[in-house]
Amino acid sequence: MTRKEALTTEKQVPRSEEEAIKERSAYLRGQIVEALADDVTGSVPAPDGMLLKFHGTYQQDDRDVRSERLRQKLEPAYSFMIRVRMPGGVCTPAQWLALDEVARQHADYSLRLTTRQTLQYHGVLKRKLKAAMAGIKHALFDSIAACGDVNRNVVCHNNPWLSPLHDELHAWSRRLSDALLPKMRAYHEIWLDGEKVAAEPEEEQEPLYGATYLPRKFKIGLALPPHNDIDVFAQDLGFIAIVVDKKVAGFNVSVGGGMGTTHNDLATYPRLGDVIGFVLPEQLLEVAENVVRIQRDFGDRSNRKHARFKYTLDDRGLDWFKAELEERLGWRLQAARPFRFESTGDPLGWVRDGRGQWHLTLGVLSGRLRDTPETAWLSGLRAIAAVHQGDFRLTANQNLIIARIDEQQKPTIEKLLDEHRFPDAGRWGGLRRNALSCVAFPTCGLAMAESERWLPILLARLEPILKKARLEKTAITLRVTGCPNGCARPFLGEIGLVGKAPGRYKLYLGGGFAGGRLNQLYRDGVSEDEIIALLGPIIEHYAKERQRGEHFGDFVLRAGYLPETHAEP
Ligand code: SRM
Ligand code: SF4
């Protein structure tokens with residue numbers, strides 16, 4: 001089917017309400033200005049709430065007080081989450097200070113590092129949204145395309161300073177982000193009081209996306225083997241760098257990854273990306289743009305639960321997709337090159353590069369940076385940013401790198417870390433180092449169970465079991481989410497826990513340590529006590545019978561807890 005035919009067919013299918021909202025929105029303006037000015041309520045009407053996502057912000061309410069407020073006949077305690085766009089997760093100390101200022105002036109005094117290498121603000125009241133957006137602009141960032149049916153924050157292997165290869169990859173993440181960025185004049189008009197550049201919205205254009213943008217969100221990541229620290233197979237479009245003679249010779253292209261599912265709906269499923277070929281560096285942008293165009297033209301616009309790129313691929317087949325891509329490109333992809341991943345997490349702690357500079361990867365459990373009676377991480381990073389001469393790197397595992405520290409400055413940074421009671425990641429066990437959890441309660445509107453607030457409790461119960469089995473240093477990946485949307489990529493964990501109802505989780509086991517194999521459901525609807533009772537004996541069994549170098553996820557399959565699937569690539 002040609003693109004023209006596809007568009008004709010699409011018109012015959014009833015489109016979802018969201019498609020109509022986009023179409024009527026005059027390039028994402030809707031009635032947002034009016035909704036922001038309405039001070040009778042802390043919320044915005046639903047259609048504008050949907051459009052606001054493209055501007056990088058979500059309406060939420062405090063779920064801890066939702067029923068009590070309902071009982072008191074008060075409107076929910078509304079506030080907004082804002083997600084910053086930060087390709088490759090890089091930020092200077094001056095930018096950090098400006099972002100920190102927004103957290104303290106306009107949000108809930110916290111910064112939340114995300115699984116896509118950027119940060120979020122929570123608790124921004126409607127009347128403070130505009131000032132918060134201006135603050136983000138002051139930090140020389142924006143939140144365009146951080147959410148919404150467009151290409152999201154491009155993620156990239158995390159420390160460009162460790163070698164010129166990392167540097168090169170990071171430059172590609174920025175180029176990809178720029179090439180796929182929607183024009184969104186509405187953003188500048190609404191948040192930054194920009195002049196209306198087009199006299200009428202009809203004169204405006206989105207050359208890549210068109211007036212209804214993509215059918216659904218779209219995600220891109222770049223990985224540098226042997227580190228799969230961005231979970232490249234969870235991306236709609238992944239680029240795996242192939243290095244020859246210490247230079248990036250090109251990239252293997254992986255398509256169709258995605259985690260989101262709905263409980264008890266078999267038509268939804270997590271999917272690993274398929275590697276379809278190899279492209280040269282100079283072909284990267286052309287490939288990315290055309291993959292996005294194919295999803296724009298063929299993605300399902302009638303059912304949002306079936307609208308991700310992974311379903312477009314499975315409905316039409318990989319052969320169809322590759323042929324369509326090559327027709328649009330006018331050239332053929334080369335055969336994929338061999339590669340091997342060995343890990344997904346971040347190497348926490350200090351590393352020295354070839355030029356003699358230091359980099360510290362701080363372990364930040366669930367990515368939450370705030371001051372509490374026990375820790376002073378927000379203040380600590382502010383103090384570090386005030387003296388740091390290198391930069392900050394956010395990782396796709398919710399951690400933070402303080403990068404490019406000169407030898408003579410290292411003691412100053414170490415003193416500040418100590419004063420603000422940052423944890424010594426060197427003392428963290430292998431499970432804690434490799435644990436991710438999504439936000440969930442109290443802010444996430446889709447949460448069914450606790451995640452971020454539960455992770456420390458769960459770790460505190462699992463760590464003594466691991467210690468007793470002398471496995472405390474063994475790296476095991478643990479991914480926890482409050483619902484099956486998969487924001488902490490739970491279906492890739494060697495242990496995955498997915499919230500079903502308050503205090504109840506689906507327990508998944510057997511994911512590949514390097515992110516190349518999905519896990520499988522082991523028990524449904526289990527409580528914390530049941531999870532501990534189930535995992536304890538398996539951990540002991542693993543301690544006794546594991547083979548040399550065998551990962552936990554591989555062991556549970558070999559030992560027959562779940563059927564063998566496939567080895568990791
Ligand atoms: Fe996510 C929706 C948080 C990474 C799959 N995600 C949400 C929302 C916005 C809830 C909502 O729609 O109302 C969550 C906001 C919670 C809050 O209170 O802040 C949310 N997602 C997050 C973050 C903050 C999790 C974290 O703890 O770090 C991550 C922000 C990433 C970023 O900076 O851009 C985050 N979300 C992911 C990932 C992981 C990734 O991209 O590597 C996934 C799985 C990969 C994928 O997309 O398939 C993911 N989020 C989803 C989905 C399921 C999409 C689907 O295909 O069905 C939803 C729900 C939706 O889109 O309808 C969702
Ligand atoms: Fe919310 Fe579910 Fe994502 Fe967790 S996985 S942040 S509960 S949407």
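What is the distance in Å between the Cα centroid of the stretch 540-561 and that of the stretch 331-347?
Answer, in whole Å: 26.
With helices defined as uninterrupted DSSP H runs, which ones in the chain have an alpha carbon span along their own long axis of at least 24 Å and mean Kyte-Doolittle hydropathy of at least -1.0?
Numbers: long enough: 528-545 (25 Å, 0.07).
Within the chain the helices that satisfy the rule are 528-545.
Which order results if HIS263, HIS420, HIS359 are arranged by neighbouring Cβ count within 10 Å, fewest first?
HIS263, HIS420, HIS359
Convert 25 °C to kelvin, take the viscosity as 0.890 mPa s, use the Kirkwood radius over C-alpha pairs of the stretch 267-317 as Rh, and evaluate the Stokes-Einstein diffusion coefficient in µm²/s, rounded to a whole number. Intermediate values should be presented prior to the final figure.
On the way: Rh = 12.3 Å.
Stokes-Einstein gives a translational diffusion coefficient of 200 µm²/s.
Using the alpha-carbon centroid of each, what span in Å lies between the stretch 372-403 and the stretch 285-307?
Using only Cα atoms, the two centres lie 37 Å from each other.
To the nearest 0.05, how large is the calculated FRET efficiency for GLU374 and TYR78 if R₀ is 35 Å and r is the Cβ-Cβ distance?
On the way: r = 30 Å, r/R0 = 0.86.
Efficiency, from the Cβ-Cβ distance: 0.70.
If you filter the stretch 421-525 for trypsin sites (Lys or Arg not before Pro), then keep DSSP loop positions with at most 11 other Cβ within 10 Å, what is left?
Numbers: sites: ARG421, ARG427, ARG432, ARG433, ARG453, ARG461, LYS467, LYS468, ARG470, LYS473, ARG479, LYS500, ARG504, LYS506, ARG517, ARG523; in loops: ARG421, ARG453, ARG470, LYS473, ARG517.
The qualifying sites are ARG470.
Starting from one equal scatterer on each C-alpha and no solvent at all, send me the Debye-based log10 I(q)/I(0) for the chain at q = 0.10 Å⁻¹, two decimals.
Ignoring solvent entirely, the Cα scatterers give -0.85.
Report, to one decimal in Å, the Kirkwood hydrodynamic radius for the stretch 184-304 based on all distinct Cα pairs. Intermediate values should be presented prior to the final figure.
Details: mean 1/r = 0.0593 Å⁻¹.
Kirkwood radius, the stretch 184-304: 16.9 Å.
Using the Karplus curve 6.51 cos²θ - 1.76 cosθ + 1.60 with θ = phi - 60°, what ³J(HN,Hα) values do you get for each residue of the stretch 422-439, in whole Hz, with x for Gly and Pro?
Each residue's phi maps through the Karplus curve to give 6, x, 7, 4, x, 8, 6, x, x, 7, 4, 4, 10, 9, 10, 9, 7, 6 Hz.
I'd like the per residue volume of the convex hull spanned by the Cα atoms of the stretch 125-204, given in cubic angstrom.
Details: hull volume 10.6 nm³, N = 80.
Value for the stretch 125-204: 132 Å³ per residue.
Report the GluC sites (Glu not before Pro) located in the stretch 112-221 that are in a DSSP loop and have at most 14 other Cβ atoms inside 10 Å of their Cβ, or state none.
On the way: sites: GLU168, GLU189, GLU195, GLU202, GLU203, GLU204; in loops: GLU195, GLU204.
Qualifying residues, ordered by number: GLU195.
Between the stretch 70-122 and the stretch 250-277, what is the separation of their alpha carbon centroids in Å?
29 Å
Which of CYS156, CYS444, CYS91 comes first, and how do the rest follow, when ranked by fewest Cβ neighbours within 10 Å? Walk me through the numbers before you get to the answer.
Details: CYS156 33, CYS444 22, CYS91 25.
So the residues, fewest neighbours to most, are CYS444, CYS91, CYS156.
What percent of all Cα-Cα pairs in the stretch 1-157 falls into each 5 Å bin, going from 0 up to the bin containing the maximum distance?
Bin by bin from 0 Å, the calculated values are 2, 9, 15, 18, 17, 15, 10, 7, 4, 3, 1, 0.
Using alpha carbon coordinates only, what is the Rg to Rh ratio of the stretch 430-558, with Rh defined as the Kirkwood radius?
0.95
Using 10 Å bins from zero, what percent of all Cα-Cα pairs in the stretch 356-505 falls into each bin?
Here the calculated profile for the stretch 356-505 is 11, 36, 32, 18, 3, 0.
Using alpha carbons only, what's the Rg to Rh ratio of the stretch 114-251 with Rh from Kirkwood?
Working: Rg = 17.4 Å, Rh = 17.0 Å.
Using Cα coordinates only, the ratio equals 1.03.
Each value in this text was obtained by applying a stated rule to the coordinates, not by laboratory testing. Here the structure is a predicted model, which means the values were calculated and not measured. Ideal geometry is used to build each Cβ from the backbone, glycine not excepted, and the neighbour counts take in all protein chains shown.
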